[in-house]
Amino acid sequence: AQSVSQHNHHVILSEAASLELGCNYSYGGTVNLFWYVQYPGQHLQLLLKYFSGDPLVKGIKGFEAEFIKSKFSFNLRKPSVQWSDTAEYFCAVRYSSASKIIFGSGTRLSIRP
Amino acid sequence: DTAVSQTPKYLVTQMGNDKSIKCEQNLGHDTMYWYKQDSKKFLKIMFSYNNKELIINETVPNRFSPKSPDKAHLNLHINSLELGDSAVYFCASTGAGNTEAFFGQGTRLTVV
């Protein structure tokens with residue numbers, strides 16, 4: 001079945017720490033990959049996306065993600081987090097065989113000031 | 001200009017009532033979705049319409065009925081509301097080809 005897994009349910013970091021959030025998707029052919037962020041009480045906003053080409057994708061607010069096809073992974077990274085990065089982060093995938101975007105269960109990121 | 005707009009933003013209602021949530025997008029997208037986000041933040045797709053045609057209908061109680069009068073609008077009507085329907089409902093849209101989904105602000109539905 002087509003699915004997305006996010007390994008970390010809740011991550012707590014101090015400001016300036018580095019961040020890596022895991023995301024794996026099940027095999028299903030060609031995929032588009034996304035990371036969305038949801039700040040408290042707000043809607044989902046796109047952080048970055050991968051469709052093709054360079055597997056290292058840079059997004060907004062200093063975030064980046066690397067698509068590793070052999071591992072079916074699309075991990076999100078940020079070298080130095082800020083308190084304002086406190087939010088829920090969702091990995092998502094769209095398989096070329098389907099029109100819907102499937103979301104992972106989300107990772108809550110808490111940053112200690 | 002809001003790209004995807006939903007109304008109302010908050011909805012508090014009693015069990016057994018019927019309610020509707022409206023969604024409009026001004027992006028010229030062909031495909032619109034309804035997602036349900038539960039209290040644990042899990043996002044689950046409910047329905048998708050492409051050019052007014054239903055293309056995705058996940059396992060959702062038939063008390064939920066989407067309606068798309070045109071490709072810019074996708075409304076969600078819910079009959080006989082139950083406590084378990086309390087959630088945040090997000091509308092989203094995507095364009096043709098490889099595009100990301102654009103989300104509305106969400107409608108927080110509370111059934112009491």
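The values are calculated or read from the model by the stated rules, or taken from the named source; none is laboratory data. Nothing here was measured: the structure is a model prediction, and the numbers come from that model. Note that we place each Cβ from the backbone using ideal geometry, even for glycine, and neighbour counts take in every protein chain shown. These area figures cover heavy atoms from the full protein model, side chains too; ligands, DNA and RNA do not enter into them. Shrake-Rupley method; radii C 1.70, N 1.55, O 1.52, S 1.80 Å.
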>> Students often check this: by mean Cβ neighbours within 10 Å, which of B:55-64, A:40-49 ranks highest, and how do the rest follow?
In response: A:40-49, B:55-64
> Points 7 angstrom from Cα along the Cβ direction at residue A:5 and residue B:2: gap in nanometres?
Replying inline: 3.8 nm
> For residue A:98 and residue A:61, FRET efficiency with R0 = 25 Å and r from the beta-carbon atoms, rounded to 0.05?
Replying inline: 0.30
> How much accessible area is lost when chains B and A come together, counting both sides, with a 1.4 Å probe, in Å² rounded to the nearest 100?
Replying inline: 1700 Å²
>> If I model a spin label as a point 7 Å beyond the Cα along the Cα-Cβ vector, how far apart are those points for residue A:71 and residue B:26 in nm?
In response: 4.3 nm
>> Over chain A, with the other protein chains present, what is the accessible area per residue in square angstrom, probe 1.4 angstrom?
In response: 46 Å²
>> Please compare each pair in A:49/B:52; B:44/B:71; A:61/B:44; B:22/B:71; B:36/B:71 to a cut-off of 25 Å on the Cα-Cα distance and tell me which ones are over it.
In response: A:49/B:52; A:61/B:44
>> Using the alpha carbons of region B:62-112, what is the convex hull volume per residue in cubic angstrom, as a whole number?
In response: 98 Å³
>> From the P(r) of region A:1-106, could you give the percentage of C-alpha pairs in the tail past 23 Å?
In response: 21 percent
>> Quick check: from the Cα gyration tensor, does chain B come out rounded (a/c under 1.5), prolate or oblate?
In response: prolate
> With labels modelled as points extended 7 Å from the Cα through the Cβ direction, what inter-label distance (nm, one decimal) is found for residue B:70 paired with residue A:13?
Replying inline: 4.6 nm
> Residues of A:29-39, mean number of Cβ from any other protein chain within 10 Å of their own Cβ, rounded to a whole number?
Replying inline: 2
> Under the Kirkwood approximation for Rh and a Cα-based Rg, what ratio Rg/Rh is obtained for the protein assembly as shown?
Replying inline: 0.97
> How much net charge surrounds residue A:39 when only other residues with a Cβ under 10 Å from its Cβ are counted (Lys, Arg +1; Asp, Glu -1)?
Replying inline: -2
>> Using a 10 Å cut-off around each Cβ of peptide A:44-50, what is the average number of partner chain Cβ atoms that fall inside?
In response: 3
> Assuming R0 = 22 Å, what is the FRET efficiency of residue B:38 and residue B:18, from their Cβ-Cβ distance, to the nearest 0.05?
Replying inline: 0.55
